[in-house]
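Where a number appears in this text, it was derived from the coordinates with a stated rule and is not lab data. Just so it is clear, the model here is predicted, and its values are computed rather than measured. Heads up, the Cβs are rebuilt from the backbone with ideal geometry, glycines too, and the neighbour counts pull from every protein chain shown.
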Amino acid sequence: MKIPNYQTNVLSADVLIIGGSIAGLTAAVKIKELQEQLNVIVVDKGGIGWAGLVPIGGGYLIILPPDVNLDEWVKSIADRGEGLSNIKWLYNFGGSLYESMMEVFNWGLPFMKDPDGKLHMDDIPSWRVKEKMTVWVTHMVLPELKKRALAKGVKMIDKIETVDLLKNNGRIVGAIGFSIITGEFYVFKAKATLIASGACRFKNRRFWTMNCGEMVAAAYRAGAQHLHSEFGTIHANCSKECQMWFRGPSHQDALVNALGERIMTKYFPNISESFAKTAYAMAREVEAGRGPIYLDLSEKPIHHEKQEIQTVYNWIRTQGTFLNSDRILREKAGINLHFQKVEWIPGFIGGLGNIRIDLECKSPDIETLWVAGDALKTGISMEGAVPPGDYGGWGLPLAIVTGIKAAKSISKNFHETPEAKIVIEEQENLKEELYAPMALEKGYEPYDPVLNIQQAIVPAKYSIIRDQGRLKESLAIIEEVQKEVLPKVKAANPHELLKYHEARSMALCAEMIQKAALYRNETRGSHIREDYSERDDTNWLKWTVIKDVDGRMALSTIPVPKARA
Ligand SMILES: Cc1cc2nc3c(=O)[nH]c(=O)nc-3n(C[C@H](O)[C@H](O)[C@H](O)COP(=O)(O)OP(=O)(O)OC[C@H]3O[C@@H](n4cnc5c(N)ncnc54)[C@H](O)[C@@H]3O)c2cc1C
């Protein structure tokens, strides 16, 4: 089969934003506010306004009121990070949080308001960190933000899978991709490029299937460094039937093994909510033959912490919120949690967003590349030895804060940014690679490598409880996928081509996670190594660094800076 002769579309912009969810659209609006004349294009592989994790998400956001003691807050987070927290980023994020949230509130996003019209902020006593919490109508956020961006002249293109970054002389000069509907080739030429395409989620659980780390992988190929990758995945937990999940201490406390013993009190009597620790307890109990695990709420009222946030909960329920776990379980699986014990399983949701950036969200490794949102969440290591997502209500605020920071940094001195010049030879080589699966008549289905990669990264033995032998086993599966399967995947249409590129990126992201996990010879936080079961502060108060060196994935470390400045 020959590659179909798809049309090439070349589009020029001052700023190219890859990913049109909360981080990308926030940045787009802010850039136009700061520099109205800039030509901003947002591309997304889904439909902008509905794609990404926001519309199907929870909609709870932390906020630090202006009178908060920032030093105390930073300390409380850093203490849980077991020495690996990025203190500079904690101050950078915490210090900008209130202002950034107020900014998007004033844009008219659908937050809950007090009777006097001010942003509603609630206490959340059962959460580990004493921030306040606010809430919005999550499925209305992106349509509203999209409207605002369009009114400011931001251009948007849907259904474009972006595959690689274009580089010239150490700078990023745009990106290439293809239409997942028509297959047409797209070249975006841009003076500044912002990656806002989320973290690699490995397609393992409902709600988390869209983001596959294509730009995490593209940034690696283009020469960016990646940090802290061994902490780049998390297991949430969910019902076995229809994969419905909750979060919160009350449901965590209600998890029991087959003998009816409460598993969290057994392993971690003193912690409040933690996905990572819950997954560990579940894995250990099943390993010991005391599975399966059940959620048993018969002795506790469901969501007892929700009583603390009753005002918020009552409000959100009147807003047509999408994610109502009790209702979904009742309607889809006929399960009433108030009366039934329900089998409960770990739910791997990935989360590798490890591109290295500075405090302005700019890559220190390649010129004219910025990153915002989940794509940088692992790499900035604010949570330290805790995986991304273990802290509830951080993802959306981080996307807002970093979207605004990236926008300010891009807009600053923009007139000094040189014109983007694409190297045609590179563009054509990347185009050939992009369409290669369409030239094959026989071969693997694009779904085959997806399943192989999941087998190498999802099971507890490869991710929750690690050791050298098993990590090597996992890496051997990944290598087999990269060398033997991916080159033989055929794509009969643009949709299958999309699946191929998702699988290819997931393989690279899985390799980063497992190689970094093998490299860190100690146990710390959610990184549990049976063969190195102690925390080793002498050798491992460090972040792992991953870099492409002549086609080889090279690993090294950098010490975690101790002080704020
Ligand atoms: C069920 C659920 C509940 C959640 N609840 C909460 C909560 O209550 N509070 C909270 O703070 N956070 C919550 N989160 C997390 C939060 O939604 C994310 O942290 C946040 O959406 C990250 O924003 P983002 O813009 O970085 O990425 P995303 O929202 O993930 O958007 C990435 C965008 O990039 C696009 N994209 C990806 N790859 C490509 C490509 N190759 N080319 C072009 N486009 C691409 C995608 O289509 C998508 O539109 C929840 C998430 C889920 C799934």
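Couplings 3J(HN,Hα) of the range 450-458, computed from phi: 4, 5, 4, 5, 4, 5, 8, 10, 7 Hz, in residue order, whole Hz [Karplus 6.51 cos²θ - 1.76 cosθ + 1.60, θ = phi - 60°; x for Gly and Pro].
FRET efficiency for the ASP358 to LYS332 pair, using the beta carbon distance and R₀ = 45 Å, is estimated at 0.50.
What is the distance in Å between the Cα centroid of the range 238-285 and that of the range 148-170? Between the Cα centre of the range 238-285 and that of the range 148-170, the gap is 41 Å.
Once the Cα-Cα distance is subtracted from the 0.36 nm per residue extended length, the THR417 to ASP550 segment shows a gain of 45.0 nm. Identify the residues of the range 313-357 with backbone N under 11 Å of a label point that sits 7 angstrom from the Cα of CYS242 along the Cα-to-Cβ direction, or state none. What the label zone holds, given the 11 Å backbone N cut-off, is 324-337. Rounded to the nearest 500, the 222 nm mean residue ellipticity of the chain from helices alone is -10500 deg cm²/dmol, with -39,500 (n - 2.57) taken per DSSP H run of at least 4 residues. The simple spin-label model puts a point 7 Å past each Cα toward its Cβ; for LYS341 and LYS562 those points are separated by 5.2 nm. 3J(HN,Hα) along the range 151-167: 5, 8, x, 5, 8, 9, 10, 8, 6, 10, 7, 8, 10, 9, 8, 9, 10 Hz, from the Karplus curve 6.51 cos²θ - 1.76 cosθ + 1.60 with θ = phi - 60°, whole Hz, x for Gly and Pro.
What FRET efficiency comes out for ASN429 versus ASN539 if R0 is 30 angstrom and r is the Cβ-Cβ distance? Round to the nearest 0.05.
Efficiency computed from Cβ-Cβ geometry: 0.15.
With the highest mean first, a sort of the peptides 513-523, 24-34 on other beta-carbon atoms found within 10 angstrom per residue produces 24-34, 513-523.
Taking amide H as placed 1.01 Å from N in the peptide plane, ARG535 has its amide H under 5 Å from the amide H of THR523, each at least 5 places away in sequence or on another chain. Taking amide H positions as modeled 1.01 Å from N, with prolines and chain starts lacking one, the residues under 5 Å from VAL135 and 5 or more places away or on another chain are LEU61, MET112.
Residue separation of TRP107 and ASN69 scaled by 0.36 nm, minus their Cα-Cα distance, works out to 11.0 nm of gained length.
Once backbone amide H atoms are built at 1.01 Å from N, HIS235 has ILE349 as its partners under 5 Å, excluding neighbours fewer than 5 places away on the same chain. Each of TYR447 and GLU99 was given a label point 7 Å from its Cα along the Cα-to-Cβ line. The distance between the two points is 5.0 nm. Highest mean packing first, where packing is the average number of other Cβ atoms within 10 Å per residue, the peptides 546-553, 237-244, 386-393 line up as 386-393, 237-244, 546-553.
Ranked by the mean number of other Cβ atoms within 10 Å of their residues, highest first, the peptides 456-468, 285-297, 348-360 fall in the order 348-360, 456-468, 285-297. Exposure proxy shown here: for SER12, SER533, SER21, the number of other Cβ atoms within 10 Å sets the order, fewest to most, as SER533, SER12, SER21. Considering only beta bridges that DSSP places wholly inside the chain, some 70 percent are antiparallel. Here the Karplus curve 6.51 cos²θ - 1.76 cosθ + 1.60, taken at θ = phi - 60°, turns the phi angles of the range 102-107 into couplings of 5, 4, 6, 4, 6, 6 Hz, with x standing for Gly and Pro.
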